[in-house]
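A quick write-up on the structure given underneath.
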Amino acid sequence: MTIKDIATTFSEQTTAHGVKHVWRARPTPARFVWTLVILAASGLLLFQYANVFKKFFSYPVQVRVQLLYGTMQFPTVTICNKNPIRRRMMSPRMRDNLLKTYGDHTAETSINKFILNRNDGTDNETSSSTNSTDELLTPLSDDASNHLLYEFLAEMYKDANVKDEWHLYGHQLKDMIQECSWAMEPCNITEDWVLTHHPIYGNCYSFNSGKDRPTRYLHRAGHFHGLSLTLFLEQPEYIGHFSQTAGIRLALHRDRTQGFPEQFGIDIPPGLETSIGILTAS
């Protein structure tokens with residue numbers, strides 16, 4: 001059998017498309033066209049093979065990420081103004097206790113001037129009180145300041161009138177909270193917040209305490225779906241020895257439990273926007 005016979009047999013019996021037409025085509029131009037078609041198809045096939053092998057040996061990695069938003073219990077948020085007593089609420093007896101407690105660190109004349117300037121009702125109340133504050137205060141370490149504050153508040157709460165109305169001496173929630181929203185809906189200041197007392201910070205207020213209202217849950221991530229607050233610190237009401245720095249002490253804890261802002265809280269300074277994210281630990 002000659003090579004021509006073998007080629008004829010192959011072209012007649014092969015299942016490769018186009019080869020049979022190349023052999024049978026008459027005249028020669030038709031055979032040339034079929035040959036070009038077969039070569040073009042073979043080139044595309046080799047091109048596809050090359051791309052497949054190139055991709056395979058590059059060892060690509062495909063990662064699929066799916067974000068699942070589950071339900072998470074929102075913690076109780078407790079906020080305390082770092083100044084326990086408003087300056088306007090300083091009574092003569094409290095002033096005497098202040099003199100007694102801080103007598104080794106503060107001149108009596110400065111304290112008298114400091115208290116009186118806050119209650120004279122004049123237009124330059126803020127500026128005069130600021131000047132007298134500078135005269136009143138001398139630097140104290142945090143430990144010394146806290147120790148003296150404990151002594152002063154202990155004497156203060158011995159007063160029967162103060163003991164029954166202690167919440168009136170600290171900063172009031174309606175004055176501190178300028179804006180409050182939960183999941184982009186306005187809060188109910190009187191119902192959503194619970195007043196508690198702290199021996200150092202005075203009035204503290206807890207959101208989502210679970211005592212009078214159902215516990216709140218987070219269904220989506222992001223600060224728009226949580227608690228948002230705009231706070232006013234009332235710094236003109238600060239008494240320097242009670243708070244070496246201005247700000248809010250914030251503590252996060254479980255609902256229906258006592259928060260410990262002094263031990264486990266964080267400081268929120270004035271004049272800044274602060275974002276706090278939480279996550280659940282497995």
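Place a point 7 Å from the Cα of ARG88 along the Cα-to-Cβ direction; which residues of segment 164-195 have their backbone N under 15 Å from it?
Under 15 Å, as judged by backbone N against the label point of ARG88, lie 168-177 of segment 164-195.
Net charge near ASP175: determine it from the other residues with C-beta under 14 Å of the C-beta of ASP175, scoring Lys and Arg +1 and Asp and Glu -1.
That sum, taken over residues with Cβ under 14 Å, equals +1.
Under 5 Å between amide hydrogens, which residues at least 5 positions from TRP193 or on another chain qualify, with H placed 1.01 Å from N in the peptide plane?
Those lying under 5 Å, H to H, from TRP193: there are none.
In whole Hz and in residue order, list the ³J(HN,Hα) couplings for segment 12-19 that follow from phi through the Karplus curve 6.51 cos²θ - 1.76 cosθ + 1.60, θ = phi - 60°; x for Gly and Pro.
Values per residue, Gly and Pro as x: 7, 10, 5, 9, 6, 5, x, 4 Hz.
How large a share of the accessible area of segment 166-282, in percent, is made up of carbon and sulfur atoms when the probe is 1.4 Å and the other protein chains stay in place?
53 percent
Which loop trypsin sites (Lys or Arg not before Pro) in segment 51-100, with loop taken from DSSP, have no more than 12 other Cβ atoms within 10 angstrom of their Cβ?
Passing sites in segment 51-100 are ARG64.
The values are calculated or read from the model by the stated rules, or taken from the named source; none is laboratory data. Fair warning: this is a prediction, and the values are worked out from it, not measured in the lab. We place every Cβ from the backbone using ideal geometry, glycine too, and count neighbours over all the protein chains shown. To get the accessible areas, we keep the full protein, side chains included, count just its heavy atoms, and leave off ligands, DNA and RNA. Shrake-Rupley method; radii C 1.70, N 1.55, O 1.52, S 1.80 Å.
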